[in-house]
1. Measure off, as a whole percent, the carbon and sulfur share of the 1.4 Å-probe accessible area of the chain, all protein chains present.
2. At 25 °C and a viscosity of 0.890 mPa s, what translational diffusion coefficient does Stokes-Einstein give for the stretch 102-177, taking Rh as the Kirkwood radius over Cα pairs? Give it in µm²/s as a whole number.
3. Picking from Val140, Val110, Val81, which is most flexible by a Gaussian network model of the chain using Cα springs under 10 Å?
4. Can you compute log10 of I(q)/I(0) for the chain with the Debye formula, treating each Cα as one identical point scatterer, at q = 0.14 Å⁻¹?
5. Report the antiparallel proportion of the DSSP beta bridges in the chain as a percent, rounded to a multiple of 5.
6. Quick one: Cα centre-to-centre distance for the stretch 140-156 and the stretch 1-34, in angstrom?
7. Normalized C-alpha radius of gyration of the stretch 60-116, against 2.2 N^0.38 Å?
8. Where only protein heavy atoms count, and the probe is 1.4 Å, what is the accessible area per residue for the stretch 1-142 in Å²?
Amino acid sequence: MRAPIGDFDNAVPAPECLDLLTEPVAAAVRAWQGTVPADQLLYVDTDPEIADTAVFVENHGRELLDRSANCVIVAGKRGEVTTLAACVVLSATRVDVNGAVRRHLGSRKVRFAPMDTATGESGMEYGGITPIGLPADWPVLVDAAVVDTEWVLVGSGRRRGKLIVPGKAFAQLPGAAVLEGLGVS
């Protein structure tokens with residue numbers, strides 16, 4: 001099937017290609033519930049060498065910049081307690097780490113999680129982390145603009161491949177909190 005966004009001729013419902021996903025993402029797709037059916041989570045094969053957003057949209061079309069989301073892992077600290085959380089914002093924006101994230105997590109200090117922590121704790125590859133399949137106890141902060149986007153391109157858990165997901169599905173993820181202003185210009 002043709003993907004609903006981008007120039008991808010071969011989009012496959014994620015439940016039909018679980019072997020192409022990391023184990024945490026595949027497990028989340030198998031256990032998927034909610035108003036968006038799992039077969040609307042689409043997998044498209046992509047070149048891992050161009051997985052980073054800027055290079056990816058150069059190769060697949062600038063219009064994807066407003067239809068792609070980045071999932072970044074942050075570490076919020078208050079006293080001796082560190083909380084890992086995912087932040088999902090449209091690729092044309094950046095995460096308001098010191099404002100919206102810090103306030104929501106109730107942390108004194110928030111920073112981007114080290115790569116080893118983000119990949120080790122999520123079970124996903126750097127440059128392909130997706131909010132689908134993250135540890136159940138992690139908050140997943142989603143910018144309202146992502147939820148309001150009809151179809152969103154996001155990582156698949158690996159650098160090879162992307163998922164195309166209805167924006168409203170991000171609000172249904174375990175631990176999801178939809179925040180206005182999480183993504184800033």
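1. Working: 4160 of 8780 Å².
Heavy-atom surface of the chain belonging to carbon and sulfur, 1.4 Å probe: 47 percent.
2. So the translational diffusion coefficient is about 184 µm²/s.
3. Among Val140, Val110, Val81, the largest GNM mean-square fluctuation belongs to Val81.
4. With no solvent term, the Cα-only Debye profile gives -0.69.
5. 75
6. Cα centres, the stretch 140-156 to the stretch 1-34: 15 Å.
7. Values: Rg = 13.1 Å, N = 57, 2.2 N^0.38 = 10.2 Å.
In units of the globular-protein estimate, the stretch 60-116 measures up at 1.29.
8. Details: 7130 Å² over 142 residues.
On a per-residue basis, 50 Å².
The values are calculated or read from the model by the stated rules, or taken from the named source; none is laboratory data. Predicted, not measured: the structure shown is a model, and the values here were computed from it. Ligands, DNA and RNA are excluded from the accessible area calculation, which covers all protein heavy atoms including side chains. Shrake-Rupley method; radii C 1.70, N 1.55, O 1.52, S 1.80 Å.
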